[in-house]
1. When the Kirkwood hydrodynamic radius is evaluated over all pairs of different C-alpha atoms of the range 21-110, what value in angstrom, to one decimal, is obtained?
2. For A75 and D25, compute 0.36 nm times the residue count separating them, minus their Cα-Cα distance, and round to one decimal in nm.
3. What are the ³J(HN,Hα) values, in whole Hz, obtained from phi via the Karplus relation 6.51 cos²θ - 1.76 cosθ + 1.60 with θ = phi - 60°, for each residue of the range 49-58 in sequence order, with x given for Gly and Pro?
Amino acid sequence: MTAVDAAEPGHGEVGYTGPATVVVDEAEVAVRVELRGYFQPIDGYFHWYGRVAANPALDALVTGNRAAVLLRTPAGERPGELSDPDLWGRFRVSGQSTPPFALDLEVDPR
């Protein structure tokens, strides 16, 4: 389990790379994910997104290239949506509000 920093400092992105569980209906599939997120002040929500590593068991559960899921990491779980598999079979996952990973945000005391 690894927390990751933004590639470009100052954009406020935080993330997580590591093991996770995707729950589709009531079936659980162990996967690896790479997640990022940011707070969007215009709508007031934290938006998180990323990719789920290719997984044949997950492919068998998702029909129509889209599914409502529960994404669970060691730090928490949140509802989200799988969609848009890429050429390598990795589903995009996204959600909004509290992410399923720890937020290690530095607070400027000024």
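Since every read-out is calculated from the coordinates, none of them should be taken as a lab result. This one's a predicted model, so the numbers in the text were calculated from it and none came from an experiment.
1. Roughly 13.7 Å, rounded to one decimal.
2. Gain on stretching A75 to D25: 15.9 nm.
3. 6, x, 10, 9, 4, 3, 8, x, 5, 5
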